[in-house]
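Reviewing the structure listed below.
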There are 2 protein chains.
Amino acid sequence: MTTPQSENCPVEGLIKSLSGKWKLQMFRLALEGPLRFNALLRQLEGANKQSVAIALKELEEQGLLIKTVVRQKPLHIEYHLSEKGHALVPIFRQLETAS
Amino acid sequence: MTTPQSENCPVEGLIKSLSGKWKLQMFRLALEGPLRFNALLRQLEGANKQSVAIALKELEEQGLLIKTVVRQKPLHIEYHLSEKGHALVPIFRQLETAS
DNA sequence: ACAATTAGTCAGAAAAACATGACTACACCA
DNA sequence: TGGTGTAGTCATGTTTTTCTGACTAATTGT
């Protein structure tokens, strides 16, 4: 009843969850280690707070990233790749050859 | 020199080639048979000429669809999935399970 | 000859995405 | 007590994407 013929397609959800100016780069950085807000702003040249904040929130909502408050020395927040996120990697590798 | 850290990622190209409001649905319809302009407009509820025309052109440029003029009874144009397009299908199927 | 169907193009408006700069709020350090 | 670093939010403006409706042009049916 929501969207006639579009939903029920898992690829659509995934593609949409990664389309956006910065999301894919963020995903790739998350492969190398946990993400932190201000660090991201420096790493993603040209990106701005607003967009990064929204992208983080959406990637989290879509279950690709997990947000954790790290109660340590300099209390901060980390976003790390979820199981679901990791599961995509080998599939993405196949695209390298298929394209 | 073009985009510092983004290129050399095959997923980026694919995601971009399929991001857009209608492209993924069009891809899926192309799996079922050749696409035709006016038929698409009817099948994609809410879509408009302009967007469909642009999506077709881009999918063609990206090598996912192939445009053919069919010189027959009612002379018309068909867009069918390319080899490259078909190659994506098994990978997409894996995404269904991974998500 | 006339109307319908095909496959579009074009200019302009509306909507969505993205960017900018100011601001908040908490923790941490001296 | 005041400054720095953390992780944001908010209002506003710009840019990109999508939509609307009018129009074109060739082909086909009556």
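The values are calculated or read from the model by the stated rules, or taken from the named source; none is laboratory data. Model, not experiment: these values are computed from the prediction. A quick note on method: Cβ atoms are made from the backbone with ideal geometry, for glycine too, and the neighbour counts reach across all protein chains shown.
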Reported set for segment B:72-99 where residues are farther than 25 Å from B:GLU61 by Cα, in contact with a Pro (Cβ under 9 Å, 6 or more places away or on another chain) and more than 7 Å from chain A (Cβ to nearest Cβ) is B:THR97
- Among the residues of segment A:37-59, is any buried (at least 18 other Cβ atoms within 10 Å of the Cβ) and either within 27 Å of B:PRO90 (Cα to Cα) or of a type in the set (D, E, K, R) (or both)? yes
Those residues of segment A:38-54 which are more than 10 Å from DNA strand D (Cβ to nearest atom) and among the small types (Gly, Ala, Ser) amount to A:GLY46, A:ALA47
Filtering segment B:19-34 down to residues that are within 16 Å of DNA strand D (Cβ to nearest atom) and in contact (Cβ under 8 Å) with a residue 24 or more places away in the chain yields B:GLY20, B:LYS21, B:TRP22, B:LYS23, B:MET26, B:PHE27
Checking B:HIS80, B:HIS86 in turn, the sole residue that is under 23 Å from A:LEU14 (Cβ atoms) and modelled with pLDDT of 95 or more turns out to be B:HIS86
B:GLY46 fails exactly one of (1) in a helix (DSSP H, G or I); (2) over 16 Å from the mean Cα position of the chain (by Cα); (3) not acidic (Asp, Glu), namely (1)
Looking across segment A:27-85 at residues that are at negative phi and among the small types (Gly, Ala, Ser), the single one that is farthest from DNA strand C (Cβ to nearest atom) is A:SER82
Picked from segment A:60-71 (must be of a type outside the set (Val, Ile, Thr) and farther than 16 Å from A:LEU24 by Cα), the residue surrounded by the fewest Cβ atoms within 10 Å (Cβ to Cβ) is A:ARG71
Report whether or not A:GLN43 is of a type in the set (S, T, N, Q), in contact (Cβ under 8 Å) with a residue 12 or more places away in the chain, within 13 Å of chain B (Cβ to nearest Cβ) and within 30 Å of B:ALA47 (Cα to Cα). no
Only one of (1) more than 10 Å from every other protein chain (Cβ to nearest Cβ); (2) without any contact (Cβ under 8 Å) to a residue 24 or more places away in the chain; (3) closer than 23 Å to B:LEU18 by Cβ; (4) near DNA strand D (Cβ under 10 Å from one of its atoms) does not apply to A:ASN8, and that is (4)
Every listed condition ((1) out of contact with any Ser or Thr (no Cβ under 7 Å at 6 or more places or on another chain); (2) more than 9 Å from chain B (Cβ to nearest Cβ); (3) more than 10 Å from DNA strand D (Cβ to nearest atom); (4) outside any loop (DSSP other than H, G, I, E, B)) holds for A:LYS57 save (3)
